[in-house]
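Written out below as structure tokens is the structure these notes cover.
The values are calculated or read from the model by the stated rules, or taken from the named source; none is laboratory data. None of the values given here were measured: they were computed from a predicted structure. Cβ placement follows ideal geometry from the backbone for every residue including glycine, while neighbour counts extend to all protein chains displayed. The protein model used for the area step is the full one, side chains on, heavy atoms only, and it has no ligands, DNA or RNA in it. Shrake-Rupley method; radii C 1.70, N 1.55, O 1.52, S 1.80 Å.
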Amino acid sequence: MVLISITQFEAKLICPKCRSALNKNNDNYHCTNQNCEYSEKLKFPIVGQNPVLVDFEQSILNESDLLK
């Protein structure tokens, strides 16, 4: 059950690592801060149709478990 579409608030999404705005290219989200590792080197994984905006280095979530 989806309460709100991500397109309705994606302009407000921020990078979990540096808090900069996000940019969407080819259905992938990237940080707009060129000094952030999520700018182009890494991209946020997509689960279903939604980005997983988690800094896994600072999280208790395990990326591989989450993506299964």
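Structure summary
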| item | result |
| --- | --- |
| With every protein chain in place, the chain: carbon and sulfur % of accessible area (1.4 Å) | 49 percent |
| Given charges at beta-carbon only (K, R positive; D, E negative), |dipole| of the chain in Debye | 160 debye |
| Length added when fully stretched, Thr32-Leu53, from 0.36 nm per residue minus Cα-Cα | 6.2 nm |
| Per residue convex hull volume, Cα atoms of the chain, in Å³ | 106 Å³ |
| Extension reserve of the Ser20-Ile46 stretch, reckoned as 0.36 nm per residue once the Cα distance is removed | 7.5 nm |
